[in-house]
1. When the helices in the chain are scored as -39500 (n - 2.57) per DSSP H run of 4 or longer and the sum is shared across all residues, what 222 nm value do you end up with, to the nearest 500 deg cm²/dmol?
2. Of the beta bridges DSSP finds with both residues in the chain, what % are antiparallel, to the nearest 5?
3. Over every pair of different alpha-carbon atoms in region 339-431, take the mean of 1/r and invert it; report that Kirkwood radius in Å.
4. So what is the accessible area of the chain per residue, in Å², with the probe set to 1.4 Å?
5. About the Cα centre of the chain, how large is the charge dipole given +1 on each Lys and Arg Cβ and -1 on each Asp and Glu Cβ? Please answer in debye to the nearest 20.
6. Roughly how many nanometres apart are two label points built 7 Å out from the Cα toward the Cβ at A3 and E485?
7. May I ask which residue of L146, F207, P116 lies farthest towards the positive end of the charge dipole of the chain, with charges of +1 (Lys, Arg) and -1 (Asp, Glu) on Cβ and the Cα centre as origin?
8. Select one label from (1) 110, 30, 16; (2) 46, 26, 16; (3) 42, 28, 20: the one whose number is semi-axes √(5λ) of the Cα gyration tensor in Å as derived from the coordinates shown.
Amino acid sequence: MDAPLYLGPRVEPPLAALLADRSFLHSLVDALGSPLNVLLPGAVAENAARFRGVYGRHHLTGRVYFAHKANRSSALLRRLAVEDPATVGVDVASVEELKHALGCGFTGDRIMATGPKDATFLWLAARVGATVNLNSPGELERLSGLVRTHGLGRVAVLVRLSGFEYASGREGGGTRQLSRRSRFGTPVRDTEALLSALERHMETVEFIGAAYHLDTTGVEEKARALEQCVLFMDECRARGLTPRVLDIGGGFGVGYVAEAEEWEQWTTALVEAVLGVRPPLTWRGHAYGLRNEGGTVRGAAALYPAYRPTAGPGYLDELLSLPAPVLGRPPATLLLEHLHDLYIEPGRSLVDQCGLSLARVLDVRSVDAESGHYLVHLAMNAGDMSLEEHGVLVDPVLLPRAEAEAGDGKPVGVYLAGNLCLEADLITRRLVFLPRLPRAGELLAFVNTAGYAMDFHAHRAQRQPVARAVAVERRGTSWNWCLDEDYWPITSLGEQPDEV
């Protein structure tokens, strides 16, 4: 049998201290059932402060908007609501998210409405004074009509752009290429109709700036888009418009795996398994988008880069420091020179290290005698913990109930299956190596699931319970907890809870 392959999770304080308190986590699951999501509201405030620290290093002003779609939690939103109103807001992508943000303490002027918008969403956003991030001239027309019909005040709007062009050769020459395609936003080359509409509707909307969101990890591509947005806003000023904000979206990333070597070893082994030079690493030979064509690996692995040495605030710092290709100055300098505010919309990276998902082991059985692998059924399904659905591969942590049980046994390869009567309900399609064979009643902890993995795909199929969520805070040597919906950050306004 080949040596075990690991993808150990990156765990930092205070999440590390929470994970180490096995008796506390077991008591939560005993009381509230499996699956269970555990959240650290204090950590999201710390992450917001780190992003603001990048602004400070570059002498920039603006606001960090939490992309609400990353997590449904009330506790996280309420904790952010007590942060500095001038620097922290929330990005909502539906009318229900907008209502939730208002109910959690955000005022309308700290809310940005993004994504596809029906009339109800547009009306409520306009009614409460939210900023509307427009995807098209048609959306602008509908918003303007609602403002006129209902006698509302002028609405602050950003225009989302896409289809950025850049030269692949040196010094601006070479072949012209387009940035990654997006179904959101107006292509840069088609903005004339949008600008004309903005001029026509100046009595109903206040055009405050441009926005973009690129579905890529490439920092150079984002820097090119930022520069083109600055040039676009220069054109707007020449037409008498007064934009002052540039919103560069999110996509700053998270490092899930702690060690680069483990990530490199696993991805190399996946290629070898696809080529057939080593045993499969996955259930029924699943290859994550790769295929073997005559001894050559084809396709692209649908995997998130789980080891990322630079992510979150560090990624933003790198982006702002990278020289722009045409104007030759770093984006931070361009923003300062033009007196533009910077808006960002982090989701995953703002809730980095903010929570974990717990599942109780239901049953353990051998897959077959030859492989030595096991199938572990959990009281959880793939919708409750969807890291793999987002292409994120990282090992869970086995949580024995007693200290004496922690070190016995030897590493064993397991597949993790869910609680639905579906062959496809797999928590992990890959073989996961645990320090020993788990036992029924023990817990597996999936670390760093607050960004998209906790509840983005959660459902009640087969009437299985959706994971409850609890918020926890460290007080001295113990943890205080409450249901997510019962958390209010009153202590953040007075006595500050102790952090680990």
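The values are calculated or read from the model by the stated rules, or taken from the named source; none is laboratory data. The shown structure was predicted, so the numbers you read here are calculated from the model rather than taken from an experiment. Backbone-built Cβ (ideal geometry, glycine too); neighbour counts: all protein chains shown. SASA here: full protein model, heavy atoms, side chains in, ligands and nucleic acids out. Shrake-Rupley method; radii C 1.70, N 1.55, O 1.52, S 1.80 Å.
1. Numbers: 12 runs with 136 residues, N = 500.
Helix-only estimate at 222 nm: -8500 deg cm²/dmol.
2. Working: 35 of 72 bridges.
If I count the DSSP bridges inside the chain, around 50 percent turn out antiparallel.
3. Working: mean 1/r = 0.0634 Å⁻¹.
Computed over region 339-431, the radius equals 15.8 Å.
4. On the way: 20920 Å² over 500 residues.
Ligands and nucleic acids excluded, the figure is 42 Å² per residue.
5. 820
6. Going by the 7 Å Cα→Cβ label model, 5.0 nm.
7. After comparing all options, I get L146.
8. Given (1) 110, 30, 16; (2) 46, 26, 16; (3) 42, 28, 20, the structure-derived one carries the label (3).
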